[in-house]
Every structure is written in structure tokens, then in C-alpha cells.
Amino acid sequence: MRIEVDKVQLVKATTIADSVVSAKSINTILTQCLFNVDGDTLTITGTDNEIGIKTQLDIVSDGNCSFTISGKRLVSLLKEFPDGVVILDVNNTNVSISSKSGLVKGQYVLVGSSAEEYPAIPDFNFMNAIEIEQKTFSEMISKTVHAAAHDTVKPIFNGVYIVSEDEKSMTVVATDSRRLSMIKKDITGSSTIKNGFILPLKTVNELLRLLEDKGTCLIAFDDSRCFIKIGRTEIVSRLIDGQFPDYKQVIPKDYLLKAVIEVKKLKEALNRLKNFTNEPSWRILLKFSQNTLLIEASYPDQGEGQEELAINSDCKEPITIGINVQFLLDLLKEINSFSVVICVTGVMSPLLIYPEDDIKFQSVIMPIQIRSM
């Protein structure tokens, strides 16, 4: 069977599907992508049995067929072809690749496996899905994912929590138990996610790669999986099983002082002082007083530093907080506002931090016990 397809589009689609495919799986079929031809539509699927991606593109063909080949090898080969139409001649599990223009004179054959052995990726009806702007969804997960855990001690922290308690808004939350970030945005749709679900980090990273600045995406789910549709691409992901902590209880309601600080100057000072901290605590001291923040850091036998910043605060008496400088820097990277608000609730109580112009993007960082530095 013969398939004609634009090389650039084929490379793009194969790269999307192949991104979740492992090159080291002991199961050969899981190192390949499934190519399904249905008339003038080609669907390419990749999976690792935890997350699956399938995407479609337009082609010209003389029939229907399915085959599996290495997506990575196909992309690597096609990148050395000139742009234009390429021809795939399918003979059982063998796929011959050539250039329609004739500029490439070589003969190339990729050997695949039987398509019948490929794991099935479930379909889903997106009729009652949540609809959200791609740019908005990307922003929500990119601003929170830094707070997720990367170990396997508590799997519920190895992802982002997505919940929609009404049809007008959606909230994304991530935490590793020492810090938490959450953001709430308006949405449209006819469905809710009242109980929420936890999306694994691998799926989150794929979404950040696929989501664009224009258009909308659809989000649906069942008891164990999440389904996301972005244009002609669908993602199916297993969810992390478990009960996510009640993030609302973590957000402080009262505080001892509120300080407004210029983000750029704070980041610059923290990056300089980070040179006088060390793992695993990355500890610095934040010393708040009336309209002044003194930041101190000390690394035994290596040196010390301090820097004073002008702030706008309602501080009634000085207070000193120990904090992980890397946690604070990770958060500040996601704040685009001119100023950030830091609310201090106590020496050993959580700090509430949010952009001055966006109270719906809130973060909490647990302080570090102050000892001799």
C-alpha cells in the first residue's frame, strides 16, 4: 500500500506521538509507534502504558492499513530528507521510505511489528468536557508544577491536582508538603471536576510541550484516566491514585505583617545571596522591619552576605524568618508582576506569597527553623 504525506507534517506528528515512547522497554512493541491509515487520514499513536498520545494528519493513500515502526528512527531518517512529499510503501510489517521528488536516490526500509500487538488506546466522548484556553491551561500548570515533588515517597505529591467545583472556574495545585502553589482561572463548559484528580508529572510535561498560545483544549476524565484533546491530538493518561491534601486549609487566613517588594530587585538579591547557602536547606534569613527587608546568608568556612531592600510593609515590630532560597526563587520565576506580596504569619508558620496584581495565584512556603548559621 502507498502513502503520500508532507515530510514536515509527518515529522511533527511522529515526534508528538513518540515523545512518550520508551527506547529501552523490554517489550519491543512499546518502543514503536502505531500508524493507522483510514483513507486520507493518518493517526499516529505512542504509549508507555501509562500515558498515550495519538495525533492525526492528512495524507493521500490508496487504501487502509495499520503498522508499527520506530518513531524515533523514522524521524531521524526523515530529518535528512529534503522538504516536500515523502512516500511510504507498506508491505506487511516492512515500510519503504522514499522522496517523491526523486532528490533522494537511496532505498530505506524500516522493519516493524504486527499492529495487532499494539496496546489499545481508549477513545472518549468529549461532549461534556471542560473547555479552557490552551494558553490559560499552560500558564496554570507551568506556574504551579515547580512545587510538586520529584521523589516517590508519597505519589500523591508527584503531580498536579486539578479541580473544578463549578462550571465557571478551575483550580490547579501542586505541593511537596514543604511548599504549595495554586492558581484559579475562569473556564467554560458544561462539566465540573468536584472531586478533582492528580495528573502525573510526565503528563504535565507533555502538556506543557503541546499546549499553544491560541485555541482551546478539552479536558475530561473517568475514575482512573484523564482525556485531553488539543486540536487533532489526544492525550490519555492514568491518574495518580490517592487523596490530595485539603489545600484550602494550608492557605493562611491571617498574618502578622504584609510586605510588598519589587520582584526584580528581590530576585537579583536572592541570586547573589544563594552563593552563601548550601544544600539541602538552601537557608537564608528574611529580617522584616518597617519598610526594610534585610536578607542574610552564611556558609560556614566559605563566607557570608547580606543585602537590604526597601519594601512597603505594615510591620509593627521586627520579625525574622528562615526560608529555602531555592523555593522562593522557583516561585519568583513564575511571577510576572512588578511587585510581590509576602504575608508573614509567624516565625514557624507558613508564608503566603502572591503577585500584587493577582490574588488568585497564591503560594505557601514553610519556614525553616532558625539556628546558628
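Values in this text are rule-based calculations from the coordinates and carry no lab data. On a predicted model such as this, the values are computed, not experimentally measured, just so you know. FYI the Cβ positions are ideal-geometry reconstructions off the backbone, even for glycines, and counts take in every protein chain you see.
Quick notes on this one:
- Summed side-chain charge close to V20 - residues other than V20 whose Cβ falls under 15 Å, Lys, Arg +1, Asp, Glu -1: +2
- Set K202/K253; K24/K143; K143/K214; K54/K214; K274/K360; K185/K214 screened for pairs whose C-alpha atoms are more than 26 Å apart: K202/K253; K24/K143; K274/K360
- Globularity index of region 1-84, i.e. its alpha-carbon radius of gyration over 2.2 N^0.38 Å: 1.05
- Under the Debye formula (equal points on every Cα, no solvent term), log10 I(q)/I(0) of region 252-365 at q = 0.17 Å⁻¹: -0.78
- Between helix 7-18 and the chain: long-axis angle, C-alpha atoms, 0 to 90°, nearest 10: 60 degrees
- Taking S66, S313 and counting other C-beta atoms within 10 Å, the order from fewest to most: S66, S313
- Partners for K100 among lysines (Cα-Cα distance below 17 Å; same-chain residues under 8 apart left out): K7, K79
- For the pair region 318-373 and region 1-54, the centres of their Cα atoms are 44 angstrom apart.
- Residues of type aspartates and glutamates that K168 reaches as a straight line, Cα spacing below 17 Å, ignoring anything fewer than 8 places off in the same chain: E131, E133, D186
- Going through (1) 20.6, 70; (2) 20.8, 63; (3) 25.4, 80, the figure that equals Rg and Dmax of the Cα atoms in Å as computed for the structure here is (3).
- Residue order, fewest to most surrounding Cβ atoms within 10 angstrom, among D254, D314, D358: D254, D314, D358
- Net charge of Cβ neighbours under 12 Å - reference R238; Lys, Arg +1; Asp, Glu -1: -3
- Relative packing of peptides 53-64, 134-145 - highest average C-beta neighbours within 10 Å first: 134-145, 53-64
- In terms of the mean number of neighbouring beta-carbon atoms within 10 Å, the peptides 197-203, 25-31 order highest first as 197-203, 25-31.
- The residues V347, V75, when put in order of fewest to most other Cβ atoms within 10 Å, stand as V347, V75.
- Those aspartates and glutamates that a straight Cα-Cα span of less than 16 Å connects to K264, excepting residues fewer than 8 apart in one chain: E307, E308, D330, E334, E356, D357
- Simple label model, 7 Å out from Cα along Cβ direction - E308 to N94, nm: 8.0 nm
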